[in-house]
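Read through the structure below, which is laid out as structure tokens, and then see the notes.
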Amino acid sequence: MRELIWNQPPPPPRQRALGREEIVRAAIAVADEEGPAAMTMKAVAARLGPYSAMALYRYVHSKEGLVDLMLDAAAAEIPLPAGPGDDWRADLRGLALESRRMTARHPWYAVLFHTRPPAGPHGMRRLEFVLAVLAGQGASVAEAMTYAALIDRHILGSALQEAEEARYGQGEDLYAAITTLHALAVADGRLPHLTGWLARPEGLAPDEQFGLGLDFLLDGIATHLRRPRDRPGK
């Protein structure tokens, strides 16, 4: 793995209208509109104007460095309270919902998040807030890290699934798939519940499903936080 951009020398002074912030904004725009696979240095340079891809490397060092900067710029869009409030569940639920809104604006975030360590300053401050909330409820830092990871997997997993479903298609494609599955279930003859649902599919909207899953997670965390801790030496 190449060295993280946060350990690299700072960028040189901007030349004309080109600087690190402009490059990151252009890369995010390309990824927003065309997906992460389209986010090449050449595409970003073309978005900026009369620049070559090589001109960008002076400011971001590598494509991996640009991804670092993109992820942290997206994380900066998530509003953070000054500190934990009186209701730890409300703190974590609010942060999770704001994180989900960010991933909805930037579907590439969930795809690229796992490609680089989330070591940017804004991402780390977000994590520190979660750890502070949970530590304030008696969780050890190790426990808080585990709970934070579970919440983030729910956020990013939901974002990945919904992005893939959007790519797969809506409307006629989805209707055709359900119709095919219904015919298969009827032909099987041993799937009465599934057959009935496929005949009239209904359920919670994605945002409602996300909220339900988040509440399940918070309920589980609450149960663990209430468990008596072993005393030292036991």
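Would it be correct to say that A185 is part of a helix (DSSP H, G or I), touching a Ser or Thr at 6+ places or on another chain (Cβ under 6 Å) and in contact (Cβ under 8 Å) with a residue 12 or more places away in the chain? Show your work before the answer.
Values: part of a helix (DSSP H, G or I): yes; touching a Ser or Thr at 6+ places or on another chain (Cβ under 6 Å): yes; in contact (Cβ under 8 Å) with a residue 12 or more places away in the chain: yes.
It is true that A185 is part of a helix (DSSP H, G or I), touching a Ser or Thr at 6+ places or on another chain (Cβ under 6 Å) and in contact (Cβ under 8 Å) with a residue 12 or more places away in the chain.
Kindly provide the set of residues from segment 45-62 that are over 13 Å from G19 (Cα atoms) and open to solvent by less than 80 Å² (accessible area, probe 1.4 Å), ordered by number. Before the answer, list the steps.
If we filter segment 45-62 for residues that are over 13 Å from G19 (Cα atoms), which is where we start, we get 46-47, 50, 52-54, 62.
Selection gives A46, S52, A53, S62.
Could you pull out the residue among E162, E208 that is open to solvent by 50 Å² or more (accessible area, probe 1.4 Å), under 17 Å from A96 (Cα atoms), modelled with pLDDT under 95 and in a helix (DSSP H, G or I)?
Values: E208 fails: modelled with pLDDT under 95.
Being open to solvent by 50 Å² or more (accessible area, probe 1.4 Å), under 17 Å from A96 (Cα atoms), modelled with pLDDT under 95 and in a helix (DSSP H, G or I) holds for just one of E162, E208, which is E162.
Just the residues that are open to solvent by less than 40 Å² (accessible area, probe 1.4 Å), over 10 Å from the mean Cα position of the chain (by Cα) and free of Cβ contacts under 8 Å to residues at least 40 places away in the same chain, please, taken from segment 86-124.
G94, L95
Condition first: under 24 Å from R101 (Cβ atoms) and either open to solvent by 90 Å² or more (accessible area, probe 1.4 Å) or in contact with a strand residue (DSSP E or B) (Cβ under 8 Å, 6 or more places away or on another chain) (or both). Now tell me which residues in segment 169-205 satisfy that.
Once the filter is applied, which keeps residues that are under 24 Å from R101 (Cβ atoms) and either open to solvent by 90 Å² or more (accessible area, probe 1.4 Å) or in contact with a strand residue (DSSP E or B) (Cβ under 8 Å, 6 or more places away or on another chain) (or both), segment 169-205 yields only Q170.
Tally up the residues in segment 52-82 that are of a type in the set (A, V, I, L, M), without any contact (Cβ under 8 Å) to a residue 40 or more places away in the chain and in a helix (DSSP H, G or I), please.
Total meeting the criteria: 4.
The values are calculated or read from the model by the stated rules, or taken from the named source; none is laboratory data. Keep in mind that what you see is a predicted model, and the values were worked out from it rather than measured. Cβ sites come from the backbone with ideal geometry, for glycine too, and all protein chains shown count toward neighbours. Keep in mind that these areas ignore ligands, DNA and RNA; they rest on the heavy atoms of the full protein, side chains included. Shrake-Rupley method; radii C 1.70, N 1.55, O 1.52, S 1.80 Å.
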